[in-house]
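Quick notes on the structure that follows.
The values are calculated or read from the model by the stated rules, or taken from the named source; none is laboratory data. None of these values were measured; they are calculated from a predicted model. In this analysis, Cβ positions are derived from the backbone assuming ideal geometry, glycine residues included, and neighbour counts consider all displayed protein chains.
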Amino acid sequence: MGRFGRFFQMVGVLVAMLAGIVGLMAGFYVFAYFLAWLFSWKAFTPVGAYFGASVANVATLMLILLMVSASLLTVAERKWSALMQNRIGANRITIGGNAWGGVPFLVADALKMLTKERVEPRGRFQLLYELAPILSFAPVFALFAVIPVGPAISFHDIFASAPGAAGEMALQVARTDTGLLYLFAFASLQVYGTALAGWASNNKLALLGGVRATSQMISYEVSLGLSLVGCMIAYRTLQLDQMVVAQGQPVIGSIPALGLLLQPVGFLIFFASAFAETKRAPFDLPEGESEIVGYFLEYSGMKFGLMFLAEFAEIVVLSGVVTAVFLGGWHPILFEDALKDALSPFWFAAVAAAAFVVKMIVMMWLQLTIRWLLPRFRYDQIQKLCWKILLPAALVNVFVTAAVLLVDPSMKLLAWIGLATLVVVAIITAAVGRAPAATGQPAPSLHAAGH
């Protein structure tokens, strides 16, 4: 297959995936509606309606959207990456002679993790060794609770035959006033899981991985937090759902006040810092497979599976946060007013939630693409990127944002500065991204150079 044929094949796969996501998200809302109706009691009292909505959100978002997405990313790591790297990938498990995109490997891996014999080091610290996988996964799982996947709908629009139901329902498990502070608090707890896993294993290579992970995660938490301060100042709130609502308001003509427009520098800093927090390549020094170093080196079976799944769940959570804070959240951006006029509140919410999931999947694809294309950084380069580049840039971004908003509280000046920044970044990227001109000379041999 030629280069163009492969390109059109990948485009076709992407279009089919996006169409499937829209249908899947509509199915999510129908499923959530069914659960809300099932657990809302016959009288549809306000207490019953809230209870039903809570059960529906937990089942739909935490157990389906988060866990299924994280599980499918493990398949992407093994099979779908082969499409980009021009190789076959995992192909030993088939159904009817068809690999089905590697999805059967998901079931095979789950069975293997659950039934595999556990091999544990003799000198381990038993309590901390058992606790580390839980501390690695539980904070990541809890982070998704505050991400608003869809807009709020009143119970009258959902349960038309239930006039006694008051209030509203949104595809968000927890609507807390702390918002981003909740995000920072639970994200910092994962450091304990990696540190304890390396120390309690009684293995010097696992300890080295744990020390690497701890220093890397603590370092990038500083720039991670500062990168979002500009959004807090611009939108004047800590709540993610309020930030999403604010991004639907026009700021330059009909252009909405997206976080990416108001805070392009904050977006780049947050994305790089959060990428380092996930400990994925090119920031995978805590799990240097070529060096036999890794904080979960002594874990096997489902304990290893839980810590491995936590990394992919982090990718899903990071994509959700980036979508909510910088990409407009559930706002369809294009034709939003026309969709509101043409659809009922319930089906507009379904389309809006589908728009959120599409953006989130694009961000997950971007993260995996970076992981599949870039080589690993040296450890000193990782620390230098944080303390000498990202942290000073984050501080400057906070001061500039605050000063601009003091001059123009309407955010128009901030939007124009952000637009100019995006243009400059695009020009610099295009200028430095050109391949060097071919010289016609063969590349020097490493063996001839003495390497």
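If you go through the stretch 332-376 one residue at a time, how many are of a type in the set (Ser, Thr, Tyr) and not in a helix (DSSP H, G or I)? Reasoning before the result, please.
Residues of the stretch 332-376 that are of a type in the set (Ser, Thr, Tyr), as a first pass: 344, 369.
From what is left, the residues that are not in a helix (DSSP H, G or I) are 344.
The total comes to 1.
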For this session: Go through the stretch 226-244 and give me each residue that's surrounded by fewer than 18 Cβ atoms within 10 Å (Cβ to Cβ) and within 22 Å of LEU171 (Cβ to Cβ).
Result: THR237, GLN242
For this session: Within the stretch 64-92, track down each residue that is surrounded by 16 or more Cβ atoms within 10 Å (Cβ to Cβ) and of a type in the set (Val, Ile, Thr).
Result: ILE64, THR74, VAL75
Problem set entry | Pairs with Cβ under 6 Å, 6+ apart, first in the stretch 381-402 and under 14 Å from GLY225 (Cβ atoms), second loosely packed, with under 14 Cβ neighbours inside 10 Å and aromatic (Phe, Trp, Tyr) | none
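Considering only residues of the stretch 377-386 that are part of a helix (DSSP H, G or I) and either buried (at least 16 other Cβ atoms within 10 Å of the Cβ) or touching a Leu at 6+ places or on another chain (Cβ under 6 Å) (or both), which is modelled with the lowest pLDDT? Steps first, answer last, please.
Going through the stretch 377-386, the residues part of a helix (DSSP H, G or I) turn out to be 379-386.
From what's left, either buried (at least 16 other Cβ atoms within 10 Å of the Cβ) or touching a Leu at 6+ places or on another chain (Cβ under 6 Å) (or both): 379, 382-383, 385-386.
Details: TYR379: 80, ILE382: 87, GLN383: 88, LEU385: 90, CYS386: 91.
It comes out as TYR379.
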Exercise. Which residue pairs have Cβ atoms closer than 7 Å, lie 6 or more positions apart in sequence or on different chains, and pair a first residue in the stretch 214-234 that is without any contact (Cβ under 8 Å) to a residue 60 or more places away in the chain with a second residue that is of a type in the set (Ser, Thr, Tyr) and part of a helix (DSSP H, G or I)?
Worked result: THR214/THR194; GLU221/SER188; LEU224/SER273
Exercise. Applying the selection to the stretch 356-384, what residues are closer than 13 Å to ALA272 by Cβ and touching a Pro at 6+ places or on another chain (Cβ under 8 Å)?
Worked result: ILE370, LEU374, PHE377
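Condition test on LEU238, is it closer than 17 Å to TYR182 by Cα, part of a helix (DSSP H, G or I), of a type outside the set (S, T, N, Q) and modelled with pLDDT of 90 or more? Before the answer, list the steps.
Numbers: closer than 17 Å to TYR182 by Cα: yes; part of a helix (DSSP H, G or I): no; of a type outside the set (S, T, N, Q): yes; modelled with pLDDT of 90 or more: yes.
No, not satisfied.
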For this session: Using the structure shown, decide if THR176 is of a type outside the set (Lys, Arg), touching a Gly at 6+ places or on another chain (Cβ under 9 Å) and either assigned to a helix (DSSP H, G or I) or within 30 Å of PHE308 (Cβ to Cβ) (or both).
Result: no
For this session: Please find, within the stretch 124-167, the residue that is modelled with the lowest pLDDT out of those that are in a loop (DSSP other than H, G, I, E, B) and within 27 Å of VAL316 (Cβ to Cβ).
Result: ALA152
